[in-house]
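The values are calculated or read from the model by the stated rules, or taken from the named source; none is laboratory data. Since the model is a prediction, treat every value here as computed from it, not as a measurement. Cβ placement follows ideal geometry from the backbone for every residue including glycine, while neighbour counts extend to all protein chains displayed.
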Amino acid sequence: MTRRTLIASTASAFAASAAAANRLPIKKGVLTSMLPNNLSWKDKFQLAKDVGFDAVEGQTTEDVAVETEMRKASEATGMPIHSVMNMAHWQFPLSSSDSAAVERSMKGMETSIRNAAAWGGTTVLLVPGVVNAQTSYADAYKRSQVQIRKLIPLAEKSKIIIAVENVWNKFLLSPLEFANYVDSFQTPWVKAYFDVGNIQLYGFPADWIRTLGKERIAKVHLKDFHNRQNQIIRASVPSFVNLRDGDLDWKDIHKAFTEIGYTGYATVELKGGDEKYLRDVASRVDLILNGE
């Protein structure tokens, strides 16, 4: 070994050691919707594992056969289904004044909790309410609380956390309010599903992480975000982009997660793609977790 080779090898080993020491103890997840549609469930899960993810996040299904197939795929590949994304809450929000819509939403949550329990997951993602021309902020707050409280006994029985997510629903717009909302249920079975990208439009992700803290954050979604000024229409045009291509301060986010001691799952929520694309996304998550 030459002197130059030795120096290069030592530098590489030092860099790898530094990255390992700085790495967040967070598991990497990927949405099942990001995996190629032309593959079987088993092959989808195997692909997710092969490109570097630790687990997947599924979506609500009322099809028992699909539920069973996904469970078998998880067991065969050793890829956990750590969470379920409830799919009824946008079209049928718990905050609606329409009792039929609320009933549909509640049934969707019950199905999601059943899915999560069957798959060995620990959380169900829920958008708690939507503020719009028909639903005031106060009504969204009160109505969603009433319905979530009805779900807590089932969540506790099933050992599944109801994880409330922050989205562009004109609701829970500050970290203090989000924290107070979670705390209002006075139960470990309602926590936060924190999305770092969704906050960028009107806040600072690291601030929200520090305010919510380890005890409130059940799971994390990763996405990146651009908020560029369009010179033609002279307005701010928001858009989601690939991880590390946007405006998020990932180093500060890394620091905030380190400070609170978060050790759960961080699941990528981006567009889908092929093996090459997914491998690149997984590598970008590694850079984020390493604080690079």
Checklist outcome for this item: Reported set for segment 39-63 where residues are more than 18 Å from the chain's Cα centre (by Cα), in a loop (DSSP other than H, G, I, E, B) and not polar (S, T, N, Q) is Leu39, Val51, Glu62, Asp63
Checklist outcome for this item: Conditions (1) within 21 Å of the chain's Cα centre (by Cα); (2) outside any helix (DSSP H, G or I); (3) not charged (D, E, K, R) -> Ser105 fails only (2)
Item to check | Failed item, numbered, when Ala155 is tested on (1) over 19 Å from Gly121 (Cα atoms); (2) of a type in the set (Gly, Ala, Ser); (3) buried (at least 17 other Cβ atoms within 10 Å of the Cβ) | outcome: (1)
Item to check | Unmet requirement for Ala192, which otherwise passes all of (1) of a type outside the set (Asp, Glu); (2) under 29 Å from Pro153 (Cβ atoms); (3) in contact (Cβ under 8 Å) with a residue 60 or more places away in the chain | outcome: (3)
Checklist entry - Of the residues that make up segment 180-200, is at least one crowded, with 16+ Cβ neighbours inside 10 Å, assigned to a loop (DSSP other than H, G, I, E, B), among the polar types (S, T, N, Q) and modelled with pLDDT of 95 or more? => result yes
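Would you pick out the residues in segment 201-211 that are under 15 Å from the mean Cα position of the chain (by Cα) and of a type outside the set (Val, Ile, Thr)? It would help to see each step written out before you state the result.
Of the residues in segment 201-211, the ones under 15 Å from the mean Cα position of the chain (by Cα) are 205, 208-209.
Passing the criteria: Pro205, Trp208.
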Checklist entry - Inside segment 256-288, can you point out the residues that are in contact with a Gly (Cβ under 8 Å, 6 or more places away or on another chain) and free of Cβ contacts under 8 Å to residues at least 60 places away in the same chain? => result Ile260
Next on the checklist: Being farther than 13 Å from Pro93 by Cβ, without any contact (Cβ under 8 Å) to a residue 40 or more places away in the chain and not charged (D, E, K, R) narrows it down to one residue among Ala155, Ala163, Ala179; which is it?
Outcome noted: Ala179
Item to check | Selection count where residues are free of Cβ contacts under 8 Å to residues at least 40 places away in the same chain and closer than 30 Å to Arg284 by Cα, scope segment 57-67 | outcome: 1
Checklist entry - Quick check, is Ala155 part of a strand (DSSP E or B) and within 21 Å of the chain's Cα centre (by Cα)? => result no
Checklist outcome for this item: Scanning segment 47-79 residue by residue, those surrounded by fewer than 21 Cβ atoms within 10 Å (Cβ to Cβ) and within 13 Å of Asp274 (Cα to Cα) turn out to be Leu47, Asp50, Val51
